[in-house]
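In what follows, a single structure is set out as structure tokens and then discussed.
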Amino acid sequence: MRSSFSNNLGFIAAAAGSAVGLGNIWKFPFEVGESGGAAFLLIYLVFCFILCFPMLVIEIAMGRKSQQSAVGTFRVLGSKKSSLIGLLAIIACVLILSFYNVVAGWALGYFIEMVQGNFSIGSTFPDYIKSIETVGSFSLVFMLITAFIVNRGVSKGIETFSKWLMPILILIIVSLAIYAITLPGSAQGIDFYLIPDFSKINLHTIYNALGHAFFSLSLGMGILITYGSYLNKKENLLGIAAAITLTDVGVAFLSGLMLFPLVFSQGLETSGGAGLVFMTLPGVFEQLGQAGIFVGSLFFLLLSFAALTSTVSLFEVPVSFLIDEFKMKRRYVVWLCAFVILLIGIPSMLANGYSDSFTQFIFYPKSTEAVDFMTFISDLSSNTLLPLGGIFTCLFAAHIWRKEKLSSELLSKDKMLYERIIIRYISIAIKVICPVILGCILILGILDKYFGMMIL
Ligand code: PHE
């Protein structure tokens, strides 16, 4: 018999765990701060609920209906040809996991450094990620932990761990945010984060908000299809999808509420991208004196936990595919996948200074700086494969699987009025709104990056 989540809560914890990841804590606050504070936040929220929520619902519904992995779902609900969409999703998962696991390894490594009170690590970050011994070993450890959890199966592994990790994660982030807000001088950070500046909103920020919402909710890559396939029939999908979206958005918001007050209270500047978390924060923790070791360790533990529930979900997609399609045993599949994905991740491990050819991997047209391999794979998967997967999934659900089947999958017995209205909206969204907007994002992204048109 196919394994399943034991209840709603277990499913929500696992799916929200997939959604809440490095993206929420590492990338989101920085994007908000850079791109107009609350103005960006507002656009982001609108995208999450108007565009991503309907997709979340259909992905889960499709998986639950088919009770199959991503590839099997498209085949069972459609045809052999459409199962190629599932294959695309699996490739995207494997690529994303190959570099995501490397960054997750940095987070784990930083946790160990913080426990030892080694705050100077912030200033030596470039050397840290350059060292293949360090990065390689932490990536290996992170992959082993992920594989260990997935190897225990859906309910004993993924569900049990998510049910523990998610509440701990939320407790840590709420405590750190309260601590940060009460530090003297934190108000400036809150202003920087939250005062809306609509002048910073342009095509580029809108593009980023949408891309980020999509990545953050783990859409377009078969994760929710796979998790949905382990869901029992009776659950109310709309409520479940709302809970996942709210948790994801809530954690992202709290993360900014924790980071900016921390940084500003110590009179430090926020730096871009990876720098904010890996370079600036250790210095902040150092200045906190006695509390620094504790707060710093908690923060990187939080980051590692967030990454772990996401790597587990990415990992389960190829695993469930191999189990379903080739009737292989979970324990063999898990170690095979761990090995292959680690191998694919090696160029990403080398791309931060160790190997020149991977560090200066490619020049996008018209750009003056070379892009490293990890950024290249991240761009390729997040900006190209994800929207592509999303468009295909919408078109499939709207035109091949069809509306009636979707509604019968979603409506509960009592058919409340609000349910009908939401489901109506969802079917319009996946037929028109989502494919059109995703299509624009995909085309703009391709023209901008690969054709050097500099639109964004
Ligand atoms: N949603 C995760 C994050 O925000 C990343 C992720 C993307 C996980 C795609 C699974 C699939 O970090």
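Every number in this text was worked out from the coordinates using simple rules, so none of it is lab data. Please read these numbers as outputs of a predicted model, since none were measured by experiment. For neighbour counting, all protein chains shown are included, and Cβ atoms are generated from backbone atoms with ideal geometry for every residue, glycine included.
How large is the dipole of the chain about the Cα centre if only Lys and Arg carry +1 and Asp and Glu carry -1, each at its Cβ, rounded to the nearest 20 debye?
2200
Which stretch or stretches of region 40-72 have amide N atoms under 17 Å from the point lying 7 Å from Tyr425's Cα along the Cα→Cβ direction?
Once the point is set 7 Å along Cα→Cβ of Tyr425, 42-59 turn out to lie under 17 Å by backbone N, inside region 40-72.
Taking only DSSP H segments of four or more residues, each worth -39500 (n - 2.57), what value at 222 nm results for the chain once the sum is divided by all its residues, to the nearest 500 deg cm²/dmol?
Rounded to the nearest 500, the figure is -22000 deg cm²/dmol.
Beta carbons within 10 angstrom, averaged per residue: use that to sort the peptides 93-102, 348-357, highest first.
For the peptides 93-102, 348-357, the packing ranking is 93-102, 348-357.
Can you find, among Gly289, Leu257, Gly228, the residue farthest towards the positive end of the dipole of region 209-333? Put +1 on the C-beta of Lys and Arg, -1 on that of Asp and Glu.
Of the options given, the answer is Gly228.
By how many degrees, between 0 and 90 and to the nearest 10, does the Cα long axis of helix 386-395 differ from the longest principal axis of the chain?
20
So for each of 57-66, 149-158, 362-371 I average, over its residues, the number of other beta carbons within 10 Å; can you give me the resulting order with the highest mean first?
Descending mean neighbour count gives 57-66, 149-158, 362-371.
For region 1-129, with the dipole built from +1 on Lys and Arg beta-carbon atoms and -1 on Asp and Glu ones, taken about the Cα centre, which of Pro54, Pro29, Phe74 lies farthest toward the positive end?
Of the candidates, Phe74 comes out farthest on the positive side.
Assign one of three labels to region 165-281, namely rounded, prolate or oblate, based on the Cα gyration tensor with a ≥ b ≥ c the square roots of its eigenvalues; rounded applies when a/c is under 1.5, prolate when it is not and a/b is larger than b/c, and oblate otherwise.
Prolate, since a/c reaches 1.5 and a/b exceeds b/c.
Using the crude model of +1 on Lys and Arg Cβ and -1 on Asp and Glu Cβ, and no other charge, please compute the dipole size for region 31-148 relative to its Cα centre, in debye to 20.
820
Near the amide H of Val371, under 5 Å away, which other amide H atoms are found, from residues 5 or more places off or on another chain, if H is placed in the peptide plane?
Correct list: Phe361, Ile362, Phe363, Tyr364.
From the phi of every residue in region 78-86, what ³J(HN,Hα) in whole Hz does the Karplus formula 6.51 cos²θ - 1.76 cosθ + 1.60 yield, where θ is phi - 60° and glycine or proline is x?
So the J values, rounded to whole Hz, are x, 9, 4, 4, 5, 5, 4, 4, x.
Compare the Cα positions of Phe361, Ser427, Cys394 along the charge dipole of region 332-456 (+1 at Cβ of Lys, Arg; -1 at Cβ of Asp, Glu; about the Cα centre) and return the one farthest towards the positive end.
Among Phe361, Ser427, Cys394, the one farthest towards the positive end of the dipole of region 332-456 is Ser427.
For Ser4, which sequence-distant residues (separation of 5 or more, or a different chain) have an amide H within less than 5 Å of its own amide H, given hydrogens modelled in the peptide plane?
For Ser4, the qualifying residues are Ser155.
Tell me, what HN-Hα J-couplings in whole Hz come from the Karplus equation 6.51 cos²θ - 1.76 cosθ + 1.60 at θ = phi - 60° for each residue of region 438-449, using x for Gly and Pro?
5, x, 4, 4, 5, 5, 4, x, 5, 4, 5, 7
Between Phe148 and Leu42, what is the label-to-label distance in nm when each label sits 7 Å out along the Cα-to-Cβ direction?
4.7
Sort the following peptides by mean Cβ neighbour count (other Cβ atoms within 10 Å, averaged over residues), highest first: 194-205, 29-40, 211-222.
In descending order of packing, they fall as 211-222, 29-40, 194-205.
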